[in-house]
1. State all residues of region 201-219 that are in contact (Cβ under 8 Å) with a residue 12 or more places away in the chain and over 18 Å from Gly163 (Cβ atoms); if no residue qualifies, say none.
2. Kindly provide the set of residues from region 171-224 that are of a type in the set (Gly, Ala, Ser), modelled with pLDDT of 90 or more and farther than 11 Å from Val153 by Cβ, ordered by number.
3. Residues to consider are Gly53, Gly48; find the one that is assigned by TED's automatic domain parsing to the domain that holds Ala8 and without any contact (Cβ under 8 Å) to a residue 60 or more places away in the chain.
4. With respect to Ser203, is the statement that it is buried (at least 21 other Cβ atoms within 10 Å of the Cβ) and out of contact with any helix residue (DSSP H, G or I) (no Cβ under 9 Å at 6 or more places or on another chain) true?
5. Inside region 254-276, can you point out the residues that are surrounded by 16 or more Cβ atoms within 10 Å (Cβ to Cβ) and either touching a helix residue (DSSP H, G or I) at 6+ places or on another chain (Cβ under 6 Å) or within 26 Å of Val80 (Cα to Cα) (or both)?
6. Only residues in region 181-200 that are in contact (Cβ under 8 Å) with a residue 24 or more places away in the chain count as the first member; pair them with residues that are outside any helix (DSSP H, G or I) and among the basic types (Lys, Arg), Cβ under 6 angstrom, at least 6 apart or cross-chain, and list the lot.
7. Could you give me the residue pairs with C-beta distances under 7 Å whose first residue belongs to region 157-177 and is of a type in the set (S, T, N, Q), whose second residue is assigned to a helix (DSSP H, G or I) and surrounded by fewer than 18 Cβ atoms within 10 Å (Cβ to Cβ) wherever it lies, and which are 6+ apart or on separate chains?
8. Before we move on, is Asp63 among the charged types (D, E, K, R), surrounded by 19 or more Cβ atoms within 10 Å (Cβ to Cβ) and not assigned by TED's automatic domain parsing to the domain that holds Thr149?
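The values are calculated or read from the model by the stated rules, or taken from the named source; none is laboratory data. Note that the structure is a prediction, hence the values are computed from the model and not measured. Don't worry about glycine lacking a Cβ; one is built from the backbone with ideal geometry, like all the others, and counts go over all protein chains shown.
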Amino acid sequence: MLMLMPDARFDGAAEYEQAVVGDRAEVRVYQANTLDDIPNDVWEATDGLMVWGRTPCNKDMLDRAKNARIVIRMGVGYDVIDIEEAGKRGIVACNVPDYGTTDVADHAIGLMLSLTRGIVRHHTALVDEPVAKWRAIDTPIVRRARGATFGIVGRGRIGTAAGLRAKALGMNVMFYDPYIPDGGDQSVGFERRETLEELLRESDIVTVHTPLTDETRGMINGQALSCMKKDAILINTSRGEVVDVDAVTEALKADRLAAAGLDVLPQEPPDPKHPLFSALKNREEWTVGRVIVTPHAAWYSPDGARDCREKAARTVINYLTEGTIRNCVNEQFLKQGDAS
């Protein structure tokens, strides 16, 4: 059997994956820029696809991998897979929902603390003028965590982990997630808010942890930002298209939002000419100490990357050899395919 990784985000061989699979299958790795970079005979021999998301797993890829029985997203978000098309073909689509929980939650809290403790602003000031700027900078962004309200949009695994970290800092934690059944909030000591607007109006920090769906795309837009406190901080480590970065840029410039920590963007890598990045490069005053951008790196640590690769390989080989389905994300479409 052949397991194919067409768009790997690492150099070298699939050592972790092959160690999990053993002699039950071959794991072949490409860093293809286009689907044509992979020979047709490799596509046709593929039993399982392992995709990182650099190249969409759409009808074109599935036509080439016509004998594939499973596709897995090497990560949590699976919007890069056409799960309906896969389901129609009887292809199981899965993800790796648990590998980056610790790392992404840590990153969200790290972005928050970098802003609320003035870490980046103080560092930048001292790099420029180590003597003259050797003092605490008085800014409304810097504030105490204890007693502040930490609002979570999407209380799944990562949102819950981030909330528990915030709670350990003495923050009041609330969340908005209409898909979480009642009762779970009490077990972790969080408060539920019934609407997104209610959460945004009450939160000092808003952190986004939703998947990208038709419902969440553009959820944090200009209207949503207008509901937030003027001294609130927005953190996004989920999916770039959930947050309207143009609206965030305008809110920051107009002092209708205090700060933003963004690990993900609608366009990755971003356009350097985007107003936000032009302003950051030119150190325009409204960005100084108020904006932190990281390159979709919240998921990454050596431990997290290894977990992702090993867990994905285990999911694929267990399905191919034993028929065991784990973390399926297209069950509804598989059933429709069977019915047809």
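1. Let us first name the residues in region 201-219 that are in contact (Cβ under 8 Å) with a residue 12 or more places away in the chain, namely 201-213, 216-219.
Of everything in region 201-219, those that are in contact (Cβ under 8 Å) with a residue 12 or more places away in the chain and over 18 Å from Gly163 (Cβ atoms) turn out to be Arg201, Leu212, Thr213, Thr216, Arg217, Gly218, Met219.
2. Initially, region 171-224 is screened for residues of a type in the set (Gly, Ala, Ser), giving 183-184, 187, 189, 203, 218, 222, 224.
So of that shortlist, the ones also modelled with pLDDT of 90 or more come out as 189, 203, 218, 222, 224.
Passing the criteria: Gly189, Gly218, Gly222.
3. Details: Gly48 fails: without any contact (Cβ under 8 Å) to a residue 60 or more places away in the chain.
Step by step, each of Gly53, Gly48 is checked, and only Gly53 is assigned by TED's automatic domain parsing to the domain that holds Ala8 and without any contact (Cβ under 8 Å) to a residue 60 or more places away in the chain.
4. Numbers: buried (at least 21 other Cβ atoms within 10 Å of the Cβ): yes; out of contact with any helix residue (DSSP H, G or I) (no Cβ under 9 Å at 6 or more places or on another chain): yes.
Taking the combined requirement at face value, the residue satisfies it.
5. Leu257, Ala259, Ala260, Gly261, Leu262, Asp263, Val264, Leu265, Pro266, Pro270, His274, Leu276
6. Asp185/Arg192; Leu199/Arg193
7. Hits for this filter: Thr160/Val188.
8. For Asp63, the condition - among the charged types (D, E, K, R), surrounded by 19 or more Cβ atoms within 10 Å (Cβ to Cβ) and not assigned by TED's automatic domain parsing to the domain that holds Thr149 - is not met.
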